[in-house]
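The values are calculated or read from the model by the stated rules, or taken from the named source; none is laboratory data. Given the structure is predicted, the values throughout are model-derived calculations rather than measurements. Here Cβ is always computed from backbone atoms with ideal geometry, including for glycine, and neighbour counts include all displayed protein chains.
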Amino acid sequence: MITSVINQKGGTGKTTTAVNLASALAKKKKSVLVIDLDPQGNLSYSLGINDFDYSISEALLGKKKISEVIVEREGFHVAPTDQRLSKLEFGSKTKISEFLLRDVLKKIRGYDFVLIDCPPSLSYLTLNALGASNNVVIPIQLDVFSIQGLEQIMETIQEVQSSLNKKLKVAGILPVLVDGRKKLTSEIKEYVKQNFDVSLFKSDIRTNVKAAEAPSFGESVISYSPSSNSAKDYLKFCAEYLRTMKKLS
Ligand SMILES: Nc1ncnc2c1ncn2[C@@H]1O[C@H](COP(=O)(O)OP(=O)(O)O)[C@@H](O)[C@H]1O
Ligand SMILES: [Mg+2]
């Protein structure tokens, strides 16, 4: 199963979700590959992967096999990235195929789950992710602007479903950075349920300082602070994700 974690906005918990879902899945003895598809390399950095010769860029360009760029962390595999990936996007003279990633992933076997951490844009890199995926998880912070953003994401997904990838599904919207006391949170959830034809995951990811601290220690929050609310929230979300994947498969 290949899942993209997408939202064209920055700071909506995509990277945190990709890292911690991977870590939670690995704890459940699933074999997982995470692909850092954001040239900012936040996911690689979050897992303490700073010094590497080859990145996902070389795999996409066919210069290296994906197995040659993979690094292991917390019981799962990571294909790291850095600025080289933006050169691939903007430095190329010819138009880059939307199927580079799909073709790379077709050649690999043996993973129960592949998670793709997308950049904060609806660029060609995100289209590559959507072209390669079975489904998407959309982390959103429940505020008014996110609703506006959600309309754009859903439009993009519909376009992809009618061209690049007819089988793409929305696994669900994941509420992140949730402050349980906010009345607005429940109102926005209600609005999303009534106005969008997608499901909301029941698991909320609450705002928690441990989640923000973990990246500087190069660990998932599940490893850095197993007893934190963040670790609990992501483990609970993982169980719901697994149930959803069963339904979608
Ligand atoms: N549940 C949370 N509680 C507190 N801080 C969080 C939480 N989730 C993410 N963060 C922090 O918010 C910032 C943005 O999250 P990130 O996952 O990098 O978003 P994105 O990948 O969508 O840009 C990061 O500094 C991250 O550590
Ligand atoms: Mg990110």
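Observations on the model:
- Flag if I108 is under 26 Å from A24 (Cα atoms), in a loop (DSSP other than H, G, I, E, B), among the β-branched types (V, I, T) and out of contact with any Phe, Trp or Tyr (no Cβ under 8 Å at 6 or more places or on another chain): yes
- Any pair with Cβ under 8 angstrom, 6 or more apart, that starts in the range 225-249 at a residue that is more than 16 Å from L177 (Cβ to Cβ) and ends at one that is surrounded by fewer than 18 Cβ atoms within 10 Å (Cβ to Cβ) and of a type in the set (D, E): S225/E213
- Taking the conditions (1) away from ligand 1 (no atom under 15 Å from the Cβ); (2) surrounded by fewer than 22 Cβ atoms within 10 Å (Cβ to Cβ) in turn, A132 satisfies each one other than (2).
- Count of the range 187-197 residues, restricted to those that are buried (at least 16 other Cβ atoms within 10 Å of the Cβ) and either in contact (Cβ under 8 Å) with a residue 60 or more places away in the chain or over 18 Å from A171 (Cα atoms) (or both), is 1.
- Among the residues of the range 121-162, not one is more than 16 Å from T3 (Cα to Cα), at pLDDT 95 or above and in a loop (DSSP other than H, G, I, E, B).
- Looking only at the range 20-31, residues that are within 16 Å of ligand 2 (Cβ to nearest atom) and closer than 9 Å to L115 by Cβ come to 2 in all.
- For the range 111-129, a residue qualifies if it is within 16 Å of ligand 1 (Cβ to nearest atom), of a type in the set (A, V, I, L, M, F, W, C) and within 22 Å of S31 (Cα to Cα), and the qualifying residues are L115, I116, C118, A129.
- Only one of the listed residues (N7, N50, N20) is surrounded by fewer than 18 Cβ atoms within 10 Å (Cβ to Cβ) and either among the polar types (S, T, N, Q) or not in a loop (DSSP other than H, G, I, E, B) (or both). That residue is N50.
- Cβ-Cβ contacts under 9 Å between residues 6 or more apart (or on different chains), taken from a first residue in the range 1-14 that is farther than 19 Å from R243 by Cβ to a second residue that is of a type in the set (K, R), are listed as I6/K14; N7/K14.
- Some residue of the range 32-44 being within 16 Å of ligand 2 (Cβ to nearest atom), touching a residue at least 60 places away in the same chain (Cβ under 8 Å), in a helix (DSSP H, G or I) and surrounded by 17 or more Cβ atoms within 10 Å (Cβ to Cβ): yes
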